[in-house]
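K.L.:
Before we start, here is the structure in question, set down as structure tokens.
The values are calculated or read from the model by the stated rules, or taken from the named source; none is laboratory data. Because the structure is predicted, anything quoted here is derived from the model rather than measured. Counting neighbours? That spans all protein chains shown, and the Cβs are built from the backbone with ideal geometry, glycine included.
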Amino acid sequence: MAAKDGGLSLHIPAPKARPGETPDFSHIVIPPAGETPRPAIDTAPAEMRDLAYGLIRVLDDEGTAVGPWALKLEPDVLRRALRAMMLTRVFDNRMFAAHRQGKVTFFIKSTGEEAIGVAQSMVLRKGDMNFPSYRTTSFLMEREYPLLDMFNQNLATADDPLQGRQLPILYSAKAYGFYTLSGNVGSRFHHAVGWAMASAYRGDTKIALACIGDGTTAENEFHTALTFATVYRAPVILTVTNNQWAISSFQGIAGGESTTFAARGVGYGLPALRVDGNDFLAVYAATQWAAERARANLGATVIEMVSYRAEGHSTSDDPTRYRPIDEATHWPLGDPIERLKGHLTKLGEWSDERHEQLYAELTDTITEVYRQADAVGALGVSKPPVGEMFENLFATPDWRLLEQRKELGV
Amino acid sequence: MAAKDGGLSLHIPAPKARPGETPDFSHIVIPPAGETPRPAIDTAPAEMRDLAYGLIRVLDDEGTAVGPWALKLEPDVLRRALRAMMLTRVFDNRMFAAHRQGKVTFFIKSTGEEAIGVAQSMVLRKGDMNFPSYRTTSFLMEREYPLLDMFNQNLATADDPLQGRQLPILYSAKAYGFYTLSGNVGSRFHHAVGWAMASAYRGDTKIALACIGDGTTAENEFHTALTFATVYRAPVILTVTNNQWAISSFQGIAGGESTTFAARGVGYGLPALRVDGNDFLAVYAATQWAAERARANLGATVIEMVSYRAEGHSTSDDPTRYRPIDEATHWPLGDPIERLKGHLTKLGEWSDERHEQLYAELTDTITEVYRQADAVGALGVSKPPVGEMFENLFATPDWRLLEQRKELGV
Amino acid sequence: MVQALNSALDVMMERDPDVLAFGQDVGYFGGVFRVTDGLQAKHGAKRCFDTPISEAGIVSTAIGMGVYGLRPVAEIQFADYILPAYDQLVSEAARIRYRSGGDFWVPITVRTPYGGGIFGGQTHSQSPEAVFTHVTGLKTVIPSNPYDAKGLLIASIEDDDPVIFMEPKRLYNGPFDGNHGKALSSWGQHPAGEVPDGYYNVPLGKAAVAREGADVTVICYGTMVHVSLAAAEESGVDAEVIDLRSLVPLDIDTIEASVKKTGRCVIVHEASRFSGFGAELSALVQERCFFHLKSPIERVTGWDTPYPHAFEWDYFPGPARVTKALLRTMENN
Amino acid sequence: MVQALNSALDVMMERDPDVLAFGQDVGYFGGVFRVTDGLQAKHGAKRCFDTPISEAGIVSTAIGMGVYGLRPVAEIQFADYILPAYDQLVSEAARIRYRSGGDFWVPITVRTPYGGGIFGGQTHSQSPEAVFTHVTGLKTVIPSNPYDAKGLLIASIEDDDPVIFMEPKRLYNGPFDGNHGKALSSWGQHPAGEVPDGYYNVPLGKAAVAREGADVTVICYGTMVHVSLAAAEESGVDAEVIDLRSLVPLDIDTIEASVKKTGRCVIVHEASRFSGFGAELSALVQERCFFHLKSPIERVTGWDTPYPHAFEWDYFPGPARVTKALLRTMENN
Ligand SMILES: Cc1ncc(C[n+]2csc(CCOP(=O)(O)OP(=O)(O)O)c2C)c(N)n1
Ligand SMILES: Cc1ncc(C[n+]2csc(CCOP(=O)(O)OP(=O)(O)O)c2C)c(N)n1
Ligand SMILES: [Mg+2]
Ligand SMILES: [Mg+2]
């Protein structure tokens, strides 16, 4: 490691494999499912630091739920989760196709990470608030956010619920417990802490949850959120989805080369769980544990969801330029849909046929709703009234907005 | 902890004692001197996480240096350190008096924290750079920064080396390895990391050191500095001086209620030491250990110096309004000057008489140099040429500065 | 003015349980300028508390609380230290209502002392209003006296959009006209120093005419109102002095009417000149009153340098510089 | 323009071992706009590398390296994301030489793509130049064509003070005059699209006259240079179009001489209007050319709203709006 002639040298982290090389995930240590203990929710953070360096897993290789984190969830609940994950994937594929057809200029998939949003949706209650990332689509799917509204926004049709103001994927859905997204990464992460503090201030029972990517943990808000969360014991769940990649930079560039992201939480005195993010049952159980802590006024929890971004960062990205083309297939934690399917099948509550049939059904639904939105007219064919540009900046527009609107004649 | 009627409640940390109450430092756990192991510098951070929760102490209650962190320092070196600490204290007192006399509007003492800057100065080599806080005066004292320049700047006389541009205490002394200070707390902490990366980039042997207060760890730079330091393994020592107070807020408001500040470093995968900051020998040994790591291209270390701000935050502050008037006398880690004096005395290398005599000598020196600066004329009596206001903004002033200078007629 | 601001907070905390105040040293201690003095003792630690030293975190917390439904009042200890929170204010607070189509909004107030004249040096003297006025979606308010300070702060807290509330710290304990050699005066003797106990507000977006005059319109705010009034007296020029009170929304009607009447305009602010708020005022006046102008619009401002410790009074745009501008502007008829 | 910028970096990395480039996705991948393409492969990972997603950290790192003695070139992926680094740029980079009495200085360049026209929505379209031009101690540079882009970037890297180098992303792959219905054109056909291979520089602080004219002076920069040129043709007004190239330092002489010649002035920028850089330009022109002005100085700018996704072309100040302003300004004689 020392430089030639005894001088220092600058270390630049690099991933194990680049295009043309063989994918290598040997650094991902995977303990057997069921092995990690589940402490009582009122355990002192100092007594469970190990959880930040382990990996909570429930589903074993045979699809059986094992160990102390295996909750008893009804088959109906599991099927509902599976459906929301599948719907997300079908929706993402439909939007990707829309991009190739030139209907939208931009889109982001969450392929491989669908378990997370679904579990969050199921654990959070009405009135709680998720401060999501742009890969939290499956949360809205589980909550049955209207698909037509979703397409209308993505296509920026005349019926866009956000009046043409936002890029595709950047939803806002207060009634569904889904906070307003923005293109800036990270900048809403701390709002969850403020929101949770407000709930505690009011003596309310609502809790908040926030999502951030591995890459984005480097932003200021990650630090301030953890600091304020620990100081005021805010009832909030702070989730890092470590999908191994930012855009073209791997998680080592975000500071994951020599420790875990869950460990950050330990540094602030917070309980921190590290979870197999592609194991729906593990994600659900960990989120549930953190929610119980928060609701019991025991404060914040950090959760690292270990997952893999199976596709490009967005439609603007070409991952084959910076990682092996087949890296996704080597990812050792599998695919969340396949794993939950396997579990349900093992339980005798699901089958290949029902799976295929559900895919077909969801595909039909998505095709039909997309058709309806497209009939309204994607941007270029239709768009919301231009006057909307001058609305909603302030509660009441000032003279500048009134004059400018007049100048534009809308 | 749960709120009435089962709702949440907001936790607001509060110190153990307010004015009129009995000081209480029972939460400061003090292991015996010599107990903490000293790992080899190339130990993996994951194997020495405990150090972040302990307290490295060398001097025992009898003033004997014990344990693996007790380096063999020559009595001359120790006397030199003692002298620099005492000089700092005499200087601070002289400036405080100057404030009471209306010669300056502002000043900051470092009473109780003098060991830190002195040890840092001794461990760093010529060419290394300290990115200090406003309580790092003793670093300049150990390096024999000219006292007259120091007074001239503090009094903003016509001979002020910073041309009247800076408040008292905000020195800049590149030639002494002391980076430019500013009133903004924290905003230079990460510069040390960039500087250290530059040294590594060049294949140089220089290292950097940065200082931050417990309160200021909440600022963005603390996070970005630790992130970049871990990613690029920058040869830098990142020091947090936990003197228990920000201005009027105790370290619990900074996130120190349920963990240590050293633990933050652990979260980023960095080695982290927690040190008795009033024990000169411990501070020296820990800083030396971190410097060796950095020089061996092993990367950054976080050090928490546990100390106590024995006086007000600054001349603008009145600590009796928010903490017990006698809190300082209850501080369990004592005074750094007294402790080093005790050690030297125990070694037979120092005595009460020599101590008194040195104080008298240093007081004479300070009195004399202060007199010289005052003869030049404190702000109001003399000041640097007003034209300086328009210099050094850019390497070459543009027309705006030239025109404005003309307009002011200077 | 400190007591007026304190009273505004007290009155609003009394009236509305959703109002709370926090910031560095704001709780037990009552703020380094004493604006929150006594509020923790009276309303409890949950309603008035200390925060970590993270301006970004303070504003983020306020935003999160605001979207929940509270009306937080955050203090940034000095305006010089508000920039770590700049991204939160610009990219989040200012944009949330717009980008969410009205789904969420941010009824927060961020108070911060600004300006020089207290020997604060480069980092306790700045006037960063222009980096806020450019931001669509933020309001910026600056009072010049205790009566307005209380009324405007109450209006800001009641406002459903984010307000940057800048307090001229040199006016905290008395009016100051820039004649720093003179004895200090207190608000006791000043007509606007009298502040009613209870609730009242001064609406945002309405300027005050601090002095009526026929010959030149002086546009100013904060400390510079007093400097401009002094200059009007010292110069003998019959100046109309407009105290903007809020920069956004701006009371363009009052400005336009006055300049059309006087035909001359001098703009005064303490911030450095280039790209300062005076530039926008100058551009607007020129656009709207071009054919009424008898002489060039002048700007009297801080220099395009930082605010250096030893040269405070050389930097501060005092009455002598305003007087010169008034006289110069009168040369053209 | 992408190749020109790439060449500037390559040439400087070749000439000076102290020049290095970093930012998000800048290393192996070569930047999301490909500006650093091939530099890591050619110069090594230590000279061109990826960073964590922390704009504040990127700029802080650059400052630390700069004071050490390197000449780092940092990329901020979109100008919309530069604000987390705002405090570092304003409170540190811009002030270090001054406050240290020349003891330390910061020879860094911060590159960032800005502006709309690429369907980027609110957070990939902004033009935040005015929040930098107000900051004493920062330089702000904006090229409008490949030749200038390379020469100005080289001059910025060589400059001993911090430079914000804003790249009009809509011009990356060809000139664009705002007529978004027209076929795309490439730089190949454009006279300033030809870029010498080796070293040259275009000095900071010197504007270019993009079109000589007698009747109105148009002041603009970046994408708006092409829009203004199109408007000059479309309107039939004999406009003199000044391409500022650097906003700070500003070439006031060229501006003043032109407006004194034409007696009319239109200012065009894409940023929102209120407190934008156009305000400073308007104020300066008015102050210096008052007695030469035949009609009010006009500003054609983005609206005082965010840049909404679906209304990109309603927001973008295109040639039709500039044409209207030109014709309006000609009404007064
Ligand atoms: C403040 C800001 N900086 C940079 C970007 C550009 N950007 C968009 S997504 C992204 C990568 C985020 O990676 P990560 O946090 O790991 O999330 P993931 O995409 O993997 O879910 C970057 C750099 C941005 N949108 N906002
Ligand atoms: C960015 C910024 N925010 C706030 C302040 C005001 N301030 C000055 S010192 C201080 C307390 C710092 O406490 P700590 O970091 O513990 O350092 P200490 O004074 O104890 O050495 C505060 C809040 C500042 N100077 N800069
Ligand atoms: Mg990621
Ligand atoms: Mg402290």
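Okay, residues lined up against (1) farther than 25 Å from B:SER182 by Cβ; (2) surrounded by 17 or more Cβ atoms within 10 Å (Cβ to Cβ); (3) at pLDDT below 95:
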{"residue": "B:ARG57", "(1), (2), (3)": "yes, yes, no"}
{"residue": "B:LYS72", "(1), (2), (3)": "yes, no, yes"}
{"residue": "B:ASP92", "(1), (2), (3)": "no, yes, no"}
{"residue": "B:MET122", "(1), (2), (3)": "yes, yes, no"}
{"residue": "B:SER138", "(1), (2), (3)": "no, yes, no"}
{"residue": "B:ASP159", "(1), (2), (3)": "no, yes, no"}
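K.L.:
Identify the single condition in (1) at pLDDT below 95; (2) under 18 Å from the mean Cα position of the chain (by Cα) that D:PHE119 does not satisfy, given that it satisfies every other one.
P.N.:
(2)
K.L.:
Further question: Within the group B:VAL369, B:VAL386, which residue is within 14 Å of another protein chain (Cβ to nearest Cβ), of a type in the set (Val, Ile, Thr) and buried (at least 18 other Cβ atoms within 10 Å of the Cβ)? Quick ask: steps written out before the conclusion?
P.N.:
Details: B:VAL369 fails: within 14 Å of another protein chain (Cβ to nearest Cβ).
Selected residue: B:VAL386, the only one of B:VAL369, B:VAL386 that is within 14 Å of another protein chain (Cβ to nearest Cβ), of a type in the set (Val, Ile, Thr) and buried (at least 18 other Cβ atoms within 10 Å of the Cβ).
K.L.:
For B:ILE169, all conditions in the list (1) within 14 Å of chain C (Cβ to nearest Cβ); (2) of a type outside the set (Lys, Arg); (3) on the phi < 0 side of the Ramachandran plot hold save one; what is the number of the exception?
P.N.:
Tallying (1) within 14 Å of chain C (Cβ to nearest Cβ); (2) of a type outside the set (Lys, Arg); (3) on the phi < 0 side of the Ramachandran plot, B:ILE169 fails exactly one: (3).
K.L.:
Could we say that D:VAL32 is within 16 Å of ligand 3 (Cβ to nearest atom) and in contact with an Asp or Glu (Cβ under 6 Å, 6 or more places away or on another chain) here? Give the steps one after another, and end with the answer.
P.N.:
On the way: within 16 Å of ligand 3 (Cβ to nearest atom): yes; in contact with an Asp or Glu (Cβ under 6 Å, 6 or more places away or on another chain): yes.
Spelling it out, D:VAL32 is indeed within 16 Å of ligand 3 (Cβ to nearest atom) and in contact with an Asp or Glu (Cβ under 6 Å, 6 or more places away or on another chain).
K.L.:
What is the residue count in the stretch D:110-125 for residues that are polar (S, T, N, Q) and at the interface with another protein chain (Cβ under 7 Å from one of its Cβ atoms)?
P.N.:
Keep residues of the stretch D:110-125 that are polar (S, T, N, Q), which gives D:112, D:122-123, D:125.
Now narrow it down to the ones that are at the interface with another protein chain (Cβ under 7 Å from one of its Cβ atoms): D:122-123.
Adding up the residues that qualify gives 2.
K.L.:
Only one of these is away from chain A (no Cβ under 11 Å) and not β-branched (Val, Ile, Thr): B:GLU221, B:GLU304. Name it.
P.N.:
On the way: B:GLU221 fails: away from chain A (no Cβ under 11 Å).
The match here is B:GLU304.
K.L.:
Further question on the same structure: Is it the case that the stretch D:89-109 has a residue that's in a strand (DSSP E or B), away from ligand 3 (no atom under 16 Å from the Cβ) and either more than 9 Å from every other protein chain (Cβ to nearest Cβ) or out of contact with any Cys (no Cβ under 6 Å at 6 or more places or on another chain) (or both)? Don't jump to the end; show me each part of the working.
P.N.:
Step one: filter the stretch D:89-109 for residues in a strand (DSSP E or B), giving D:109.
Next, only the ones that are away from ligand 3 (no atom under 16 Å from the Cβ) stay: D:109.
Keeping just the survivors that are either more than 9 Å from every other protein chain (Cβ to nearest Cβ) or out of contact with any Cys (no Cβ under 6 Å at 6 or more places or on another chain) (or both) gives D:109.
Checked against the condition, which is being in a strand (DSSP E or B), away from ligand 3 (no atom under 16 Å from the Cβ) and either more than 9 Å from every other protein chain (Cβ to nearest Cβ) or out of contact with any Cys (no Cβ under 6 Å at 6 or more places or on another chain) (or both), the stretch D:89-109 yields at least one hit.
K.L.:
What about C:PRO72, is it touching a Phe, Trp or Tyr at 6+ places or on another chain (Cβ under 9 Å) and within 11 Å of ligand 2 (Cβ to nearest atom)? If you could, list the steps in order and put the result at the bottom.
P.N.:
Values: touching a Phe, Trp or Tyr at 6+ places or on another chain (Cβ under 9 Å): yes; within 11 Å of ligand 2 (Cβ to nearest atom): no.
No; evaluated as a whole, the condition is false for this residue.
K.L.:
Please go through the stretch D:233-249 and give me each residue that is buried (at least 24 other Cβ atoms within 10 Å of the Cβ), of a type outside the set (Asp, Glu) and touching a residue at least 40 places away in the same chain (Cβ under 8 Å), ordered by number.
P.N.:
Hits for the stretch D:233-249 are D:ALA239, D:LEU244, D:ARG245, D:SER246, D:LEU247, D:VAL248.
K.L.:
Another one. Out of D:ASP10, D:ASP37, D:ASP16, D:ASP80, which single residue is at pLDDT 95 or above, crowded, with 24+ Cβ neighbours inside 10 Å and away from ligand 2 (no atom under 16 Å from the Cβ)?
P.N.:
Working: D:ASP10 fails: crowded, with 24+ Cβ neighbours inside 10 Å; D:ASP37 fails: crowded, with 24+ Cβ neighbours inside 10 Å; D:ASP16 fails: crowded, with 24+ Cβ neighbours inside 10 Å.
So the residue among D:ASP10, D:ASP37, D:ASP16, D:ASP80 that is at pLDDT 95 or above, crowded, with 24+ Cβ neighbours inside 10 Å and away from ligand 2 (no atom under 16 Å from the Cβ) is D:ASP80.
K.L.:
Out of the residues in the stretch B:2-50 that are at positive phi and in a loop (DSSP other than H, G, I, E, B), which is nearest to the other protein chains (Cβ to nearest Cβ)?
P.N.:
Across the stretch B:2-50, the extreme among qualifying residues is B:GLY20.
K.L.:
Here is a follow-up. Scan the stretch B:217-274 for residues that are within 12 Å of ligand 2 (Cβ to nearest atom) and either in contact with a Cys (Cβ under 7 Å, 6 or more places away or on another chain) or of a type in the set (Val, Ile, Thr) (or both) and jot them down.
P.N.:
Residues satisfying the conditions are B:THR217, B:THR239, B:VAL240, B:THR241, B:ILE247, B:ILE253.
K.L.:
Keeping to the stretch D:256-291, report how many residues are more than 14 Å from chain C (Cβ to nearest Cβ) and in contact (Cβ under 8 Å) with a residue 24 or more places away in the chain. Quick ask: steps written out before the conclusion?
P.N.:
Of all residues in the stretch D:256-291, those more than 14 Å from chain C (Cβ to nearest Cβ) come to D:257-258, D:261-262.
From what is left, the residues that are in contact (Cβ under 8 Å) with a residue 24 or more places away in the chain are D:258, D:261-262.
The total comes to 3.
K.L.:
Moving on. Would you tally the residues in the stretch A:178-209 being over 18 Å from C:ARG99 (Cβ atoms), in contact (Cβ under 8 Å) with a residue 12 or more places away in the chain, more than 7 Å from chain C (Cβ to nearest Cβ) and small (Gly, Ala, Ser)?
P.N.:
3
K.L.:
With A:THR205, A:THR216, A:THR230, A:THR224 as the choices, which residue is at pLDDT 95 or above, surrounded by fewer than 24 Cβ atoms within 10 Å (Cβ to Cβ) and part of a helix (DSSP H, G or I)? Before the answer, list the steps.
P.N.:
Working: A:THR205 fails: part of a helix (DSSP H, G or I); A:THR230 fails: surrounded by fewer than 24 Cβ atoms within 10 Å (Cβ to Cβ); A:THR224 fails: surrounded by fewer than 24 Cβ atoms within 10 Å (Cβ to Cβ).
Among A:THR205, A:THR216, A:THR230, A:THR224, only A:THR216 is at pLDDT 95 or above, surrounded by fewer than 24 Cβ atoms within 10 Å (Cβ to Cβ) and part of a helix (DSSP H, G or I).
K.L.:
More than 20 Å from C:SER275 (Cβ to Cβ), crowded, with 24+ Cβ neighbours inside 10 Å, without any contact (Cβ under 8 Å) to a residue 60 or more places away in the chain and assigned by TED's automatic domain parsing to the domain that holds D:THR223 - does that describe any residue in the stretch D:303-310?
P.N.:
yes
K.L.:
Moving on. Which condition breaks for C:PHE119 when tested against (1) in contact (Cβ under 8 Å) with a residue 60 or more places away in the chain; (2) touching a Lys or Arg at 6+ places or on another chain (Cβ under 7 Å)?
P.N.:
(2)
K.L.:
Another question, if that's okay. Quick one: would you say B:ALA225 is aliphatic (A, V, I, L, M) and farther than 19 Å from B:VAL104 by Cα?
P.N.:
Values: aliphatic (A, V, I, L, M): yes; farther than 19 Å from B:VAL104 by Cα: yes.
Yes, satisfied.
K.L.:
Which numbered condition in (1) within 16 Å of ligand 3 (Cβ to nearest atom); (2) in contact with a helix residue (DSSP H, G or I) (Cβ under 7 Å, 6 or more places away or on another chain) is the only one that A:ASP317 fails?
P.N.:
A:ASP317 satisfies every listed condition except (2).
K.L.:
Taking the stated definitions as given, is A:VAL240 within 16 Å of ligand 3 (Cβ to nearest atom), more than 13 Å from the chain's Cα centre (by Cα), buried (at least 24 other Cβ atoms within 10 Å of the Cβ) and in a strand (DSSP E or B)?
P.N.:
Numbers: within 16 Å of ligand 3 (Cβ to nearest atom): yes; more than 13 Å from the chain's Cα centre (by Cα): no; buried (at least 24 other Cβ atoms within 10 Å of the Cβ): yes; in a strand (DSSP E or B): yes.
Criteria not met by A:VAL240.
K.L.:
Turning to a different aspect of this structure: Filter the stretch C:4-54 down to the residues that are under 23 Å from B:GLY256 (Cβ atoms) and among the hydrophobic types (A, V, I, L, M, F, W, C) and list them by number.
P.N.:
Correct list: C:PHE22, C:VAL26, C:PHE29, C:VAL32, C:ALA45, C:CYS48, C:PHE49, C:ILE53.
K.L.:
For residues in the stretch C:1-22 being free of Cβ contacts under 8 Å to residues at least 60 places away in the same chain, more than 27 Å from C:PRO191 (Cβ to Cβ) and not in a loop (DSSP other than H, G, I, E, B), which is farthest from ligand 3 (Cβ to nearest atom)?
P.N.:
So the residue we want is C:MET13.
K.L.:
Could you list, ordered by first residue, the pairs with Cβ atoms under 9 Å in which the first is in the stretch B:288-300 and facing another protein chain (nearest Cβ under 8 Å) and the second is buried (at least 24 other Cβ atoms within 10 Å of the Cβ) and among the aromatic types (Phe, Trp, Tyr), at least 6 apart or interchain?
P.N.:
B:GLY299/B:TYR232
K.L.:
A follow-up question, please. Taking the stretch A:251-268, which residues are surrounded by fewer than 24 Cβ atoms within 10 Å (Cβ to Cβ) and near ligand 3 (Cβ under 9 Å from one of its atoms)?
P.N.:
Within the stretch A:251-268, A:GLN251 is the sole residue that qualifies.
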